[in-house]
There are 2 protein chains.
Amino acid sequence: MPDRFERIFAGENGLAAGSGPLYIRLRNRVERAISDGLLGDGDALPSERDIAELADVSRVTVRKAVQDLVRDGVLVQRHGSGTFVSKPVARVEQPLSRLTSFTEDMSRRGWNARSQWLQRGIFAPSPEEMVALGLAPGDEVVRIDRLRIADEMPLAIERASISTQMLPDPQKVDTSLYAALDVYGFRPVRALQRISATNLRAEDAGLLGLEAGDAGLRIERISYLESGRVVEFTRSLYRGDAYDFVAELTIGKN
Amino acid sequence: MPDRFERIFAGENGLAAGSGPLYIRLRNRVERAISDGLLGDGDALPSERDIAELADVSRVTVRKAVQDLVRDGVLVQRHGSGTFVSKPVARVEQPLSRLTSFTEDMSRRGWNARSQWLQRGIFAPSPEEMVALGLAPGDEVVRIDRLRIADEMPLAIERASISTQMLPDPQKVDTSLYAALDVYGFRPVRALQRISATNLRAEDAGLLGLEAGDAGLRIERISYLESGRVVEFTRSLYRGDAYDFVAELTIGKN
DNA sequence: AAGTGGTCTAGACCACCAA
DNA sequence: TGGTGGTCTAGACCACTTG
């Protein structure tokens, strides 16, 4: 039975046709098979060994092609199980104009949000923190690092730094950082965010349930009091495949 | 002369110490050497063959470790030249509250901005375009795809779709899409943007001078007229390593 | 227990770059 | 021209999942 996999991997004299590296030709064949509908969401591919035989290349070459597609989010591999076409992931949308906390935000959506502590304590500030928070030598910072989880899917890593002058005791923070700051009368009213994209490092990717090199949104936020004084400096990493920031723009005079 | 490379790659019984995959142990050694200052920005590493000999592993294993770090932006490789520690890239900042065009924006910064046409013409709309632009069957769209370049560095790929009812002739667009829309009285005043992160596909990465799998910012924008009617639907991909979006947030009642 | 992906090796040839 | 990274092979063993 000449099945679809033979057409995909062995069709037209194998990969002899065409030029360029074998793993790229192989990669293109798989992408074409998906866009042509020969392979659908969740479908299993043959094993790497079988693909190698069908396409008449080494398994190393098959792996190179497959890993590229895994890295691009086209395929997923499960150890001991097989290689499959990715299913799209449901995305969370986050409006970009209002200052909200993760907890508030997720519960408003009806998601079950929780956090996992990564670190919570008092430290000597890094140079980066000194600049961002405007600290003097000898000052100390509270660091609150959390893994944010919504409906059992890790969504983000959040690393917050606050001067001990604003938040003397990190143990006072249970679920909401802003609520704890409120207690001391230091709730921020304004913030500046910088958003960029980055390839996740192995450690961070692991926390988010992704692979090293997967795309993440990196967000740096500096929050201000009404008086203009800096309260909080937070660096976050969001899953690129599950998070959308939404912003409304208007045409400005300036 | 027992140089620093021996300490990095061959120190303490090679990689025999420790557990886990060899390429991860090797990767960690390089990362540690950089964070310890043993390797600085722009420094050259030994050749892959030399590292393999120093660490007593195969070259394939060295490549796996090095490629991981290249993918994370820690190292850069130049074919025929060598492997080097990355130098940080200058970043461009884009405010996220004002609706501006790329050309206007870059010239205000004193950058020399130009575009390269990727595609410009009239097409039958894709299902995605029909939904976004609110088209009826039989309607047509103008597609304007450009590679945005600032000071000879490719910064973004921009794919804009506009109903032919708003912009009958794509050839009317020379540098600024908004200027062309203005001529017909259809300049947008408001827009909604969705921002997320993605691993760039090989083709897009090539246009941006990056490697497949590198992180990019994906932005979808829908622009509206004063009347609320949709004008433009644009999907952009920005270099993750060279672009920052900046947003100001305020605490809201709602 | 059989099959899958994950890691690793030794060796080869090619394409590119710099001296 | 010699050294570099880029691609490719055939074969091996391990770790994990599933029937």
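Here, each number is a calculation from the coordinates, and none is a lab measurement. Everything numeric here is computed off the predicted structure, so don't read it as measured data. Reconstructed Cβ throughout: ideal geometry from the backbone, glycine too, with neighbour counts over all protein chains shown.
Rg of the Cα atoms in region B:4-85, relative to 2.2 N^0.38 Å, amounts to 0.98.
Summarised in one figure, the compactness ratio Rg/Rh of chain B, Cα atoms and Kirkwood Rh, is 1.12. In order along region B:38-48, the phi-based Karplus estimate (6.51 cos²θ - 1.76 cosθ + 1.60, θ = phi - 60°) of 3J(HN,Hα) comes to 5, 10, x, 3, x, 4, 8, 8, x, 5, 4 Hz; Gly and Pro are listed as x. Scanning chain A for trypsin sites (Lys or Arg not before Pro) in DSSP loops with at most 15 neighbouring Cβ atoms within 10 Å leaves A:110-228 as the longest stretch between them.
Residues whose amide H falls under 5 Å from that of residue B:94, counting only those 5 or more places apart or on a different chain, are B:244, B:245, B:246, with hydrogens built in the peptide plane. For chain A, what is the mean residue ellipticity at 222 nm derived from helices alone (per DSSP H run of n ≥ 4: -39500 (n - 2.57); sum divided by total residues; nearest 500 deg cm²/dmol)? So the calculated ellipticity at 222 nm is -7500 deg cm²/dmol. For region B:4-85, the relative contact order is 33 percent, taking Cα pairs closer than 8 Å that sit 6 or more residues apart in sequence and dividing their mean separation by the residue count. 3J(HN,Hα) couplings calculated from phi for region A:187-200 with the Karplus curve 6.51 cos²θ - 1.76 cosθ + 1.60 (θ = phi - 60°) are, in sequence order, 6, x, 10, 8, 8, 10, 10, 10, 10, 8, 10, 8, 7, 5 Hz; Gly and Pro show x. Over region A:120-203, the alpha carbon radius of gyration divided by the compact-protein estimate 2.2 N^0.38 Å works out to 1.20. Roughly speaking, what % of Cα-Cα pairs in the protein assembly as shown are separated by over 37 Å, rounded to a whole number? Across the protein assembly as shown, Cα pairs with separations above 37 Å total 39 percent.
Across the identical copies, the label point of residue A:174 (7 Å from Cα in the Cβ direction) is separated from its matches by 6.6 nm, in order from shortest.
Helix A:59-71 and the longest principal axis of the Cα set of chain A meet at an angle near 40°.
How big is D for region A:108-254, in µm² s⁻¹ as a whole number, if Stokes-Einstein is applied with the Kirkwood radius of its Cα pairs at 4 °C and 1.567 mPa s?
So the translational diffusion coefficient is about 79 µm²/s.
Across the identical copies, the 7 Å label point of residue B:89, projected outward along Cα→Cβ, sits 2.2 nm from its counterparts, in ascending order. With neighbour counts taken as other beta-carbon atoms within 10 Å, the residues A:184, B:178 rank, fewest first, as A:184, B:178. Karplus-based coupling profile of region A:211-222, in residue order and whole Hz: 9, 3, x, 4, 7, x, 8, 9, 10, 10, 10, 10, with θ = phi - 60° in 6.51 cos²θ - 1.76 cosθ + 1.60 and x standing for Gly or Pro.
Across chain B, the longest piece that holds none of the GluC sites (Glu not before Pro) lying in DSSP loops with up to 10 other C-beta atoms within 10 Å covers B:13-151. For the pair region B:153-227 / region B:39-85, the C-alpha centres are spaced 37 Å from each other. DSSP bridge analysis restricted to the protein assembly as shown gives an antiparallel fraction near 90%, rounded to the nearest 5.
For residue A:35, the label point sits 7 Å beyond Cα toward Cβ; its separations from the matching points on the remaining copies run 4.1 nm, from shortest to longest.
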